[in-house]
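Structure first, commentary second.
The values are calculated or read from the model by the stated rules, or taken from the named source; none is laboratory data. Note that the coordinates shown come from a computational prediction; the quantities given were computed from them, not determined experimentally. Here the Cβ positions follow ideal geometry from the backbone for every residue, glycine too, while neighbour counts run over all protein chains shown.
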Amino acid sequence: MMVWHKESVLPDVDLYVLPGGFSYGDYLRIGALANLSPVMEAIKRVAKEGRKILGICNGFQILCEAKLLPGTLRINRTQNFICKPVCINDVHGKSYTIPIAHAEGNYFYPPSIINVAYTYTVDVNGSMGNIAGVYNSRRNILGMMPHPERAFESYHCSQDGFKIFDDFLGVRPGATLAPH
């Protein structure tokens, strides 16, 4: 179910996703513009309630600008747009192949951060500590630059996107999300 950015009420769902893509462009601090949309007040309310929120790529930028996640995203170290499959690891050492597509995926964070969700196995964009994704302190909000929604189909680089969503939603071991 899609929600228009001018909405102020959200439906009752298991997961709220702020997707990647360039609805506000792909410019430095574009999340600052999106944070001004009325729907963000509703997102902040459900965040306080402990509901699950996932921000992917530009959605990650929005969550950082809204102060729902620490840190900021800067222009890639190479100053180029990067679009390719990459390998990331979670904090338990599980590896996933997930595509990235960003010009501003260089994550910068305060030294006190301890809620790393995913790291790149190699430096792809200059992110401190090779960080690809982080949780908030309650672990109900996840922001990540890689695009798990682009890793579902047999013609994608992998189907590891299912695992990312399953892990975040806390689906019981062995269960998977039903493909749409």
Inspect segment 73-85 for any residue being surrounded by 16 or more Cβ atoms within 10 Å (Cβ to Cβ) and closer than 12 Å to residue 132 by Cα and give the result as yes or no. yes
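Yes or no, residue by residue, for (1) farther than 17 Å from residue 117 by Cα; (2) part of a helix (DSSP H, G or I); (3) modelled with pLDDT under 95:
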site: 41; (1), (2), (3): yes, yes, yes
site: 47; (1), (2), (3): yes, yes, no
site: 61; (1), (2), (3): no, yes, yes
site: 64; (1), (2), (3): no, yes, yes
site: 84; (1), (2), (3): yes, no, no
site: 87; (1), (2), (3): no, no, no
site: 97; (1), (2), (3): no, no, no
Residue hits (segment 102-130; closer than 26 Å to residue 14 by Cα and part of a strand (DSSP E or B)) are 116, 117, 118, 119
Say we look at segment 123-152 and pick out the residues that are in contact (Cβ under 8 Å) with a residue 24 or more places away in the chain and more than 20 Å from residue 65 (Cβ to Cβ); which of these is surrounded by the most Cβ atoms within 10 Å (Cβ to Cβ)? 148
Could you look through segment 153-176, keep only residues that are modelled with pLDDT under 90 and loosely packed, with under 14 Cβ neighbours inside 10 Å, and pick out the one that is nearest to the chain's Cα centre (by Cα)? 170
Of all residues in segment 86-106, how many are free of Cβ contacts under 8 Å to residues at least 40 places away in the same chain and either surrounded by 19 or more Cβ atoms within 10 Å (Cβ to Cβ) or touching a helix residue (DSSP H, G or I) at 6+ places or on another chain (Cβ under 6 Å) (or both)? 1
Got a number for residues in segment 153-164 being touching a residue at least 60 places away in the same chain (Cβ under 8 Å) and either aliphatic (A, V, I, L, M) or closer than 16 Å to residue 100 by Cα (or both)? 5
